[in-house]
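Below: the structure, in structure tokens.
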Amino acid sequence: VSTHEVWVDLSASRERRYPVRVGPDALMSLARDLPRWAPAHTYALISDRTVMPRHGEKLAGELRGGGHRVETFTIPSGEEHKTRAEWARLTDAMLARELGRDTAVLALGGGVVGDMAGFAAATFMRGLPVVQLPTTLLAMVDASVGGKTGVDTAAGKNLVGAFHPPRAVVADTRLLDSLPEDQLRSGLAEAIKHGLIADADYLEWTETAFPRIIAGDDEARSALVARSVEIKAGVVSRDEREGGERKILNFGHTVGHAVEAVTGYSMLHGCAVGIGMVVEAEVGERLGVTEPGVTRRIREVLAGAGLPHTLPADVDPERVLAAARSDKKSRQGLVEYALLRRVGSADPGEDGRWSRPVPESLVREALGALGPLGSPGGARIAP
Ligand SMILES: NC(=O)c1ccc[n+]([C@@H]2O[C@H](COP(=O)([O-])OP(=O)(O)OC[C@H]3O[C@@H](n4cnc5c(N)ncnc54)[C@H](O)[C@@H]3O)[C@@H](O)[C@H]2O)c1
Ligand SMILES: [Zn+2]
């Protein structure tokens, strides 16, 4: 199986470019590449309680064998620990081990570790280099690329953070062998999103590849991660700070985040985003922005990936609307939505804003239209 290399070009930033290496055993050359990517006296290897024993200790051993000084730090697993309190504990532990400015951070884990270790790197001694080493499919196709880091607060997800692009990203698809299947499927939702916003052929290919990706085929996994990273890298290169085009990566996420919040984060991110994409496509169709039939197509693809494509019966649509209203992307009292034009193409909006303010009544209608797949229209909610 070949290794893919994709470059993220940030013409507006000092760091400018970083490589994303994807493939089985891609981590094996890390000891050799680190001095070039992020020369340091000490490497702070940060992971969580699930990943450190499975993959972190072995990697630390290999790096030490390659002549590097490595200090390991373990944070608790799970979104509920992506907090300022854990950030304080982590940076205190780094200070207690007397790490200085000549340290580089290695973030080994899913998106929670990537965001937390990335934020620690962004802030410790006013900024240390970070190399992202994603271990979930979601982190490989999405979270590890793009430079967003941060933590959650009581007021909402990811509200305190920093842009801190990595020096390099290494996605070793072999690490996915230990990932539970529902987590794999959650990552597929983001890959589906990449196809929907940018590449209809890729979307079709993902459908044929789902069974192989779930079954552990490294060729299919590497190809999926590499193409998704290419798409995300292209968007991020053109608009690093989300002034415009980067908003299309939020497709499905306004409703998706609301569903996550309403379910108390018990639903996996990708599942919530899948439902969000269906609702937001329906919104787009009702606005006349999205080509008719796109919603139905998205539901088919999600069903094929074993992902939910309708709101669970115990989730109150009014609570979803209320949660979406408090989303940070609202403008003039209306919530902003990134929408599709058709499969494989995002809607640029007006004046290149890449999103549109949508009246809540329309989102209510779209939520109400989500019956079982196969019944056109589905159950309507009284206005
Ligand atoms: N920065 C960004 O641009 C960006 C983009 C998307 C998502 N995110 C963030 O990513 C987070 C979600 O990421 P996630 O889905 O990877 O969740 P996660 O980091 O919580 O990982 C999911 C679970 O899998 C475990 N795990 C990780 N790798 C494993 C492996 N190889 N084998 C076995 N178990 C493993 C973890 O310990 C955890 O329990 C959210 O906090 C979200 O906000 C950030
Ligand atoms: Zn997402």
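The values are calculated or read from the model by the stated rules, or taken from the named source; none is laboratory data. Just so it is clear, the model here is predicted, and its values are computed rather than measured. In this analysis, Cβ positions are derived from the backbone assuming ideal geometry, glycine residues included, and neighbour counts consider all displayed protein chains.
The residue list Gly195, Gly187 contains one member that is within 19 Å of Ser77 (Cα to Cα) and in a helix (DSSP H, G or I), which is Gly187. Tell me whether region 151-173 contains one or more residues that are under 30 Å from Arg299 (Cβ atoms), in contact with a Gly (Cβ under 7 Å, 6 or more places away or on another chain), away from ligand 2 (no atom under 16 Å from the Cβ) and modelled with pLDDT of 95 or more. Scanning region 151-173 turns up at least one residue that is under 30 Å from Arg299 (Cβ atoms), in contact with a Gly (Cβ under 7 Å, 6 or more places away or on another chain), away from ligand 2 (no atom under 16 Å from the Cβ) and modelled with pLDDT of 95 or more. Just one of the numbered conditions (1) touching a Lys or Arg at 6+ places or on another chain (Cβ under 6 Å); (2) surrounded by fewer than 23 Cβ atoms within 10 Å (Cβ to Cβ) is not true of Thr173: (2). Of the listed requirements (1) of a type in the set (A, V, I, L, M); (2) touching a Phe, Trp or Tyr at 6+ places or on another chain (Cβ under 7 Å); (3) within 12 Å of ligand 2 (Cβ to nearest atom), Val273 misses just one: (2). Filtering Leu27, Leu34 for residues that are within 16 Å of ligand 1 (Cβ to nearest atom) and either free of Cβ contacts under 8 Å to residues at least 40 places away in the same chain or not β-branched (Val, Ile, Thr) (or both) leaves a single hit, Leu27. Among the hydroxyl-bearing types (Ser, Thr, Tyr), in a helix (DSSP H, G or I) and within 9 Å of ligand 1 (Cβ to nearest atom) - does that describe any residue in region 119-135? For region 119-135, residues among the hydroxyl-bearing types (Ser, Thr, Tyr), in a helix (DSSP H, G or I) and within 9 Å of ligand 1 (Cβ to nearest atom): absent. Of the set (1) in contact with a helix residue (DSSP H, G or I) (Cβ under 7 Å, 6 or more places away or on another chain); (2) part of a helix (DSSP H, G or I), all apply to Gly306 but (2). When the criteria are applied in full, Gly216 meets the requirement of being away from ligand 1 (no atom under 12 Å from the Cβ), on the phi > 0 side of the Ramachandran plot and surrounded by fewer than 23 Cβ atoms within 10 Å (Cβ to Cβ).
When you go through Met28, Met94 one by one, which is the residue that is part of a helix (DSSP H, G or I), closer than 26 Å to Lys157 by Cβ and touching a helix residue (DSSP H, G or I) at 6+ places or on another chain (Cβ under 9 Å)? Going through Met28, Met94 in turn, just one is part of a helix (DSSP H, G or I), closer than 26 Å to Lys157 by Cβ and touching a helix residue (DSSP H, G or I) at 6+ places or on another chain (Cβ under 9 Å): Met94. Among what's in region 135-150 and is over 19 Å from Ser237 (Cβ atoms) and crowded, with 24+ Cβ neighbours inside 10 Å, pick the residue that is nearest to ligand 2 (Cβ to nearest atom). Filtering region 135-150 for residues that are over 19 Å from Ser237 (Cβ atoms) and crowded, with 24+ Cβ neighbours inside 10 Å, the one nearest to ligand 2 (Cβ to nearest atom) comes out as Leu138. When residues in region 71-91 are screened for being in contact with a Lys or Arg (Cβ under 7 Å, 6 or more places away or on another chain) and part of a loop (DSSP other than H, G, I, E, B), 2 of them pass.
A count restricted to region 232-255 and to residues that are surrounded by fewer than 21 Cβ atoms within 10 Å (Cβ to Cβ) and farther than 30 Å from Glu365 by Cα stands at 7. From the list Gly293, Gly276, which residue is under 24 Å from Ala154 (Cα atoms) and without any contact (Cβ under 8 Å) to a residue 40 or more places away in the chain? Only one candidate qualifies: Gly276.
Asn250 meets each of the listed conditions (1) among the polar types (S, T, N, Q); (2) closer than 17 Å to Pro372 by Cα; (3) within 13 Å of ligand 1 (Cβ to nearest atom) apart from (2).
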